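Q: Please find one structure pasted underneath; my questions will follow.
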Amino acid sequence: MDNAGRRDITSQAEETSAVELSHNLTTVTTEIKAYQSIGGQAIFEIGRRLKWVKENDLAHGEFGKWLDSIDIKPRQAQRFIKIANEFSNTTTSSYLGMNVLYEIATMPPEERDIPQHLDSGEVKKPDEMTVRELRETKRKLTAAYAENMANQTLLTQADKKAQKLQDQVTQLQQRVPDIKQVEVEPADYQDTKADLKAANKKIADLQKLVDDAVDDHNRRLAYELELEKAKADQEEIKADLSDLEVKRQNMLKQNAQIREVQKMVKSINELLDNFSVLRNRLDTTMLPDESSLVQGLTEMADKLIENGQVLHDDLAHPYHV
């Protein structure tokens, strides 16, 4: 945006802030709701347009440079596009901010309108939560989903093993009636009883193994989730540090510029003091009108006036990026 455009926006903001507010509560309420809807709608519409430019290559292969020209970072652009993809209808989320909309957009769709229990004891729907509460809720949902999938897998495996053992037990039990019809106990009767007992013990041992495996898996899953959380936090810290480094470099450049200007001002003041001394001591009537000394002083005075006027105009109308 050029300097004129920035001045127009500043002028509009000043005019808006100067408008006298209404003493009618209904009017003020209506105005607040109107501004709330503008915020969420703007985020959605920006995301739609960023996606359109990227997918249709309107920037001719220089999407990143184009983002720099409109002062939007790639990470912000990705969030705008994600929100536009997930919220085709912005009616229910028009009053939410950028970070909250992004956190909701990265939740499972079936959980976005369901009240959730927070660690604080409160129960809130996602569009009522802060960014911190949304991240807390997403971690819980991820952990619950992973735990449920792991338990389902283990239970399926356990059911298959138990069914196989039950089939073996049933086959063994079906042999018992034939044995009882014989008055003399067959030679393998005791072996069959021993097999049944061993089968029951094997089932009990397998159940214990399943229980132990479930406990071990849950512990490992909790550790992996904490590790993922730490990685995510580390990435955010890196991004913040990168932003801070850019700001630090800008401040260093600004400080260097200030020091340079201070030195120049000191030198100019000394020069002006010398000119003042010269002016007070100089008797121009003693100098020939056409002498090179008079001409040199005249040119120097003209340059001082010209450069002083330019500096005065620059300071009166500064250009801010």
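The values are calculated or read from the model by the stated rules, or taken from the named source; none is laboratory data. Please read these numbers as outputs of a predicted model, since none were measured by experiment. Cβ coordinates were reconstructed from backbone atoms using ideal geometry, including for glycine residues, and neighbour counts include every protein chain displayed.
Q: Is it fair to say residue 251 is at pLDDT below 85 and either part of a helix (DSSP H, G or I) or surrounded by 10 or more Cβ atoms within 10 Å (Cβ to Cβ) (or both)? I'd like the intermediate steps shown before the answer.
A: Details: at pLDDT below 85: no; either part of a helix (DSSP H, G or I) or surrounded by 10 or more Cβ atoms within 10 Å (Cβ to Cβ) (or both): yes.
Taking the combined requirement at face value, the residue does not satisfy it.
Q: Quick one: is residue 308 surrounded by 10 or more Cβ atoms within 10 Å (Cβ to Cβ) and more than 53 Å from the chain's Cα centre (by Cα)?
A: The answer is no for residue 308.
Rundown of residues vs (1) among the aromatic types (Phe, Trp, Tyr); (2) at pLDDT 85 or above; (3) touching a Ser or Thr at 6+ places or on another chain (Cβ under 7 Å), yes/no style:
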| residue | (1), (2), (3) |
| --- | --- |
| 166 | no, no, no |
| 169 | no, no, no |
| 172 | no, no, yes |
| 178 | no, no, no |
| 183 | no, no, no |
| 192 | no, no, no |
| 204 | no, yes, no |
| 209 | no, yes, no |
| 212 | no, yes, no |
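Q: Of the residues 234, 207, which single one is within 24 Å of the chain's Cα centre (by Cα) and not small (Gly, Ala, Ser)?
A: 234
Q: Which members of segment 30-50 meet the condition of being modelled with pLDDT under 80 and charged (D, E, K, R)?
A: 31, 33
Q: A further question on this structure: What number of residues in segment 105-135 are at pLDDT 80 or above, β-branched (Val, Ile, Thr) and surrounded by 13 or more Cβ atoms within 10 Å (Cβ to Cβ)?
A: 1
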